[in-house]
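The values are calculated or read from the model by the stated rules, or taken from the named source; none is laboratory data. These figures come from a predicted structure and were not determined experimentally. Every residue, glycine as well, gets a Cβ built from its backbone with ideal geometry; the counts of neighbours run over all protein chains shown. Just so you know, the surface numbers come from the protein's heavy atoms only, side chains and all, with ligands and any DNA or RNA stripped out. Shrake-Rupley method; radii C 1.70, N 1.55, O 1.52, S 1.80 Å.
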Amino acid sequence: MGERAWTGPLEKVDDYRWRIPKSYDRGMRVPGLVFADERLLKDIKADQSLQQVANVAHLPGLIKASMAMPDIHWGYGFPIGGVAAMDVEKGVISPGGVGYDINCGVRLVRTDLTVEEVQPKLRTLIASLFNDIPCGVGMSGEIRVGRKEAERVMTQGCRWVIQQGYGVADDAEHTESHGCLEGADPSKVSDRALQRGRDQLGTLGSGNHFLEVQAVDTIFDEQAANVLGLFLDHVTVMIHSGSRGFGYQICDDYLDVTGRAMAKYGISVPDRQLACVPIDSEEGRAYLGAMRCAANYAWSNRQCLMQLARRTFERVFGKSWEALGMRLIYDVAHNIAKFERHRVPTEGGSASGGNGVEKMVCVHRKGATRSFPPGHPETPEAYREIGQPVIIPGDMGRNSFVLVGTQAAMEETFGSCCHGAGRVMSRTEAVRRASGRSIEQELERQGVIVMGRGRKGVAEEQPGAYKDVNDVVRVVHNAGLAKRVVRLRPLGVIKG
Amino acid sequence: MNDHHAGYEFFEHTADIGIRARGATLAELLVQLAKGLTELIAEDSRLEPRRNHPISVRADGPDALALAWLQELLFWFSTERFLPVEYALEEVTETSLRGTVRGDTFDPSRHVQGREVKAITRHVLQVERRGGAWHGQVIVDI
């Protein structure tokens with residue numbers, strides 16, 4: 001399979017933490033730190049992701065450690081499920097550390113509907129969502145974004161689409177960074193990116209992107225669940241999508257730019273996909289300006305998708321979305337680089353010691369979710385006491401989770417935790433295993449209605465292709481990186 | 001290469017898919033890689049050569065040339081739903097390519113939907129001449 005199992009050193013720190021010592025490879029500037037238990041580690045060691053954790057540790061200006069979450073799997077350059085925080089003066093920015101799908105992320109909408117109320121109309125609901133929400137290969141959205149509109153999406157994020165009738169101002173309050181990163185610079189975005197983004201706003205995409213109707217299945221923390229408005233057997237809607245062709249093209253453009261510029265800054269990396277430049281450089285600033293445009297596009301996209309879903313619910317249930325209680329709980333980015341204030345060890349100080357100074361760092365989250373604690377100024381007002389909601393989708397046959405951020409994550413992982421279940425089986429292997437079976441029918445027997453457009457899409461995304469998200473979430477919960485609030489189970493899924 | 005895919009085959013990557021191809025000439029290799037990309041997007045859809053797309057790409061070497069070529073095809077698909085069917089590559093060197101691609105417009109109501117390819121990655125990108133033939137591999141992001 002072209003993969004090499006990990007044979008390097010891995011030191012056990014405790015039941016949920018493993019260290020790749022700096023001595024493993026001369027080029028490593030900091031150690032690797034992997035959050036996993038023994039069971040998950042077995043799969044993690046089977047591919048090249050730990051080598052990628054070690055490779056990331058080569059990057060200049062990396063603070064504390066090259067970190068990996070329990071859902072880590074083999075990516076390009078950076079592993080998926082990685083966190084890399086950089087010193088803003090001495091550190092680098094890497095388009096590969098964010099990924100092709102800039103600000104791929106997840107949002108969760110609550111409803112007042114119960115499973116009992118939805119069940120009789122479930123098939124109609126899923127079929128209507130499948131019909132109303134553009135998904136799959138080569139589908140256009142209803143919103144065309146010419147140059148003038150694109151400029152607004154890029155600089156105003158979800159605020160602009162809300163003004164166009166896609167949602168309400170309160171939605172932005174319940175979105176990470178209010179659905180808009182400052183510092184977006186449209187002049188750093190190529191025409192090719194604009195062309196690829198022209199008809200993709202309000203489209204779900206394909207691959208692992210989905211829209212899922214779910215039920216609250218287990219409540220772990222009743223007080224926090226009440227604050228979020230999540231109750232047992234109530235129905236939720238989860239949307240997983242990103243910046244579409246617009247973001248993919250920006251990543252591609254800047255992999256070229258940074259790849260070419262590296263030599264100028266005397267940077268060498270063990271993998272072309274790790275191409276990076278100093279944060280404080282012309283190319284670094286240009287990428288950040290363009291990346292923020294894509295992040296804002298992605299928030300606008302998920303905002304539009306949510307509003308399309310609300311309209312479908314209105315039609316199917318004959319009530320306004322407000323009357324159905326379809327409030328956005330939260331929207332998180334899980335492929336992004338952000339400037340944040342964190343406590344970092346002083347030069348020569350210990351990584352885990354309490355001493356250190358608070359300073360601005362650039363956190364790359366590549367398949368990792370922000371996990372900010374109660375009381376943090378960036379945690380929405382309504383959630384100030386419980387912490388920022390952390391939304392973790394699983395595969396379409398098992399579960400998804402809502403957690404809340406913790407102080408421990410702030411201190412240990414720059415306020416980050418896992419982002420999903422993490423793939424464990426290749427797409428080709430998944431299709432082979434689905435041969436002669438109907439994954440749709442199997443899921444239906446479990447009570448999950450799945451509608452997908454691609455011929456192999458559902459087979460490739462079958463539950464068995466992923467780690468069990470329950471195991472992943474148990475590790476981040478037990479390691480203290482986020483706290484479980486509720487578990488969700490799927491009722492129906494639409495896939496591209 | 002197996003019997004089903006003369007000239008190209010897919011290989012595994014945890015989250016994505018790789019294309020490995022072979023050709024007697026660099027031009028032939030590039031065409032095989034393009035056929036692999038097209039199959040990933042549209043499976044075995046019946047595609048007709050309905051319109052022409054001129055192409056001209058320059059790059060630093062064979063690796064970068066293959067990358068630029070596939071990126072261009074993916075860009076056409078993303079913006080015009082264009083999928084290649086026939087290739088008339090008139091001039092192919094290790095650093096440049098010029099010619100015409102004839103292809104179809106993807107229509108979800110007529111064609112089979114495969115995968116949405118986000119990007120052509122550089123992760124294990126390799127194009128080289130080995131044993132009298134050109135070999136190439138690339139992973140695409142799904």
Self-check item: Conditions (1) closer than 16 Å to A:His364 by Cα; (2) open to solvent by less than 10 Å² (accessible area, probe 1.4 Å): number failed by A:Asn55
Solution: (2)
Quiz item: If the Cβ limit is 9 Å and pairs must be 6+ apart or interchain, which residue in the range A:171-193 that is of a type in the set (S, T, N, Q) pairs with which residue that is open to solvent by 40 Å² or more (accessible area, probe 1.4 Å)?
Solution: A:Ser177/A:Glu378
Quiz item: Considering the range A:117-154 alone, what residues qualify as being of a type in the set (A, V, I, L, M, F, W, C) and in contact with a Phe, Trp or Tyr (Cβ under 7 Å, 6 or more places away or on another chain)?
Solution: A:Val153, A:Met154
Practice problem: Please tell me if A:Ala382 is part of a loop (DSSP other than H, G, I, E, B) and either within 27 Å of A:Leu274 (Cα to Cα) or open to solvent by 10 Å² or more (accessible area, probe 1.4 Å) (or both). | Solution: no
Self-check item: Matching residues, the range B:54-100, being open to solvent by 20 Å² or more (accessible area, probe 1.4 Å) and of a type in the set (Gly, Ala, Ser)
Solution: B:Ser56, B:Ala59, B:Ala64, B:Ala68, B:Ala88
Self-check item: Criterion: over 15 Å from A:Met291 (Cβ atoms), crowded, with 23+ Cβ neighbours inside 10 Å and either more than 14 Å from every other protein chain (Cβ to nearest Cβ) or at pLDDT 95 or above (or both) - qualifying residue of A:Val168, A:Val161
Solution: A:Val161
Quiz item: In the range A:74-99, which residue that is open to solvent by less than 10 Å² (accessible area, probe 1.4 Å) and assigned to a strand (DSSP E or B) is farthest from the other protein chains (Cβ to nearest Cβ)?
Solution: A:Ala85
Exercise. Would you mention how many residues in the range B:101-125 are assigned to a strand (DSSP E or B), more than 7 Å from chain A (Cβ to nearest Cβ) and open to solvent by less than 40 Å² (accessible area, probe 1.4 Å)?
Key: 4
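Of all the helices (runs of 4 or more DSSP H) wholly in the range A:191-302, which have at least 3 residues that are aromatic (Phe, Trp, Tyr), crowded, with 22+ Cβ neighbours inside 10 Å and within 13 Å of chain B (Cβ to nearest Cβ)?
Numbers: elements: A:191-197, A:222-228, A:244-261.
Because the criterion is at least 3 residues that are aromatic (Phe, Trp, Tyr), crowded, with 22+ Cβ neighbours inside 10 Å and within 13 Å of chain B (Cβ to nearest Cβ), the helices (runs of 4 or more DSSP H) in the range A:191-302 that meet it are A:244-261.
Tell me whether the range A:124-137 contains one or more residues that are open to solvent by 30 Å² or more (accessible area, probe 1.4 Å), aliphatic (A, V, I, L, M) and within 14 Å of chain B (Cβ to nearest Cβ). Quick ask: steps written out before the conclusion?
Just the residues of the range A:124-137 that are open to solvent by 30 Å² or more (accessible area, probe 1.4 Å), to begin with: A:124, A:127, A:130-132.
Next, only the ones that are aliphatic (A, V, I, L, M) stay: A:127.
Checking the rest, the ones that are also within 14 Å of chain B (Cβ to nearest Cβ) come to none.
Looking for residues that are open to solvent by 30 Å² or more (accessible area, probe 1.4 Å), aliphatic (A, V, I, L, M) and within 14 Å of chain B (Cβ to nearest Cβ), one finds none in the range A:124-137, hence no.
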Quiz item: Does A:Thr413 fit the bill of being without any contact (Cβ under 8 Å) to a residue 60 or more places away in the chain and polar (S, T, N, Q)?
Solution: no
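Please go through the range B:97-110 and give me each residue that is of a type outside the set (Phe, Trp, Tyr), touching a strand residue (DSSP E or B) at 6+ places or on another chain (Cβ under 8 Å) and over 14 Å from B:Val31 (Cα atoms), ordered by number.
B:Asp104, B:Thr105
Among A:Val213, A:Val168, A:Val235, which is of a type in the set (Val, Ile, Thr) and under 20 Å from the mean Cα position of the chain (by Cα)?
Values: A:Val168 fails: under 20 Å from the mean Cα position of the chain (by Cα); A:Val235 fails: under 20 Å from the mean Cα position of the chain (by Cα).
Exactly one residue qualifies, and that residue is A:Val213.
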